[in-house]
Structure formats: structure tokens, C-alpha cells
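Structure first, commentary second.
We did not get these values from a lab; they are worked out from the coordinates using the rules stated. All figures in this text were calculated on a predicted structure; none of them were measured in a lab. Cβ placement follows ideal geometry from the backbone for every residue including glycine, while neighbour counts extend to all protein chains displayed.
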Amino acid sequence: MKRIVFVFIILMIAIPVAYYYTIESNKKKLPIINPSDLVPDVVDPELRNKASGHKIQDFEFVNQNGDLIKSKELEGKIWVVEYFFATCKGICPIMNKQMQRVQRAYSDDNEIKILSFTVDPINDSIEALKKYAESHEAINGKWHFFTGNKTKLYGLARQSFFLLKPAEAKNLGDAGGDFIHTNNFVLIDPQKRIRGYYDGTNPDEVDELIADIGILKAE
């Protein structure tokens, strides 16, 4: 009888432990994405062979409130990044309706920041972005809509976030000659590394993004 009780106790201890480690081993682990992991066409030629250590370069742009925001102010936070333009009637309204879901999911979490960079700074003035932000119920300090120098905006997309093909930014020095249009959201970790890409027009992929932010927070 004592042997049976002993075995029963061992099983009662072993089963939960085994279950815990099974659950832990099955948890999704987010990759650290470097330029060499991506389709070459979306990466600046000088960076295509970089297989480790890629981080988002420093930047500074003005947001919808007229505040100059430097990336150093956002270090240590998780970023969700997109490129858009306020007068877009195609994918941008869909994307930013989905981005509102991301904001709602983490509305009280100051560790999560949403960064929306315009691809049309000539028309997306501070006033235009302010109106757009208000129409999407953007929370001040959480969801930034950035405008600024087009060359710098496009250079960041091309060399840091990899959100456009090089052919789409072939004349980066010409402030009026180029235009990009991407439906991707990018997840950036507190170390400024790329951890995932998601179709911002697809609710299922945005669900995955929301869940992956939770995984990133738990790392």
C-alpha cells in the first residue's frame, strides 16, 4: 500500500512538471531578423549580406503635435511601425483601422509605441497628421504620426525597416520623385531589432502581431 501511495505522489509531482516543460517548449519564439534573412529586393544592396547585428538606425522626426521626437527617446520600448499617407483611399484606411486594434490591446501599456511614418511629407503637414491622428483616436505619446524630410523617411524605410524595394526609392535625393506604398507592419524589440512582419490589412495577421507583442514582453 505504501508503495502505491509513493508512486501516486511521484506521479502527482511529475505530471505537472512535465506539462510545464511541454508548454514552455511549445511557446512561440520570435526570430531576430537580419537583412540576409529577407528577399534581396527589399534590402539596400550594401546590406544584403549582413547576417547579424542589424538594428534600426537613429532618427528624429516631427510628430502630429509638432514635437521633435528622437529615436533615443523611444529606446527600450517595443515599436510597431508602418508607412502610410493621410490622403490614401486604398490600403491605409484598412491598415490604420487594424492599428487601432493594436493600440486598444495595449492602451495602458507605456512600453508599446506605434510609429506611423508618412510617405507623402509634402502633403502630410503637422496639421494634416493631427487631424488624421484624432480621427483614429491616437493616444498622445503612444501613437506617433511622423513627417519630415522625404529622403530621410525613405532612407529609413530602405535601410532599417526594409519596407520598400530599392527600385521604389531609386531617386532618394529627389524630394518629389518617388512614392512607396506598403501594407506591412514591422515589430521592433527594445534593442531596436526586427522581430516580425505582418500584413496590416489582414485581421488574422494583426491578431498574430498582438499576440507576438505579448511574447516579446515576456522575453
Handout entry: Listed peptides 142-149, 115-122 by packing density, highest first (mean Cβ within 10 Å)
Key = 115-122, 142-149
Handout entry: Under 5 Å, built H, 5+ apart or other chain: amide partners of Arg48
Key = none
Completion exercise
Taking a crude spin-label model, label points 7 Å out from Cα along the C-beta direction, the Leu38 to Glu219 distance in nm is 1.7 nm
Fill in the blank from the handout: A correct Karplus calculation of ³J(HN,Hα) over region 187-202, with 6.51 cos²θ - 1.76 cosθ + 1.60, θ = phi - 60°, whole Hz and x for Gly and Pro, returns 9, 10, 8, x, 8, 6, 9, 6, 10, x, 10, 9, 6, x, 9, 10
Exercise for the section: Describe numerically, in nm with one decimal, the distance between label points set 7 Å from Cα along Cα→Cβ at Lys50 and at Gln191. Expected result: 1.5 nm
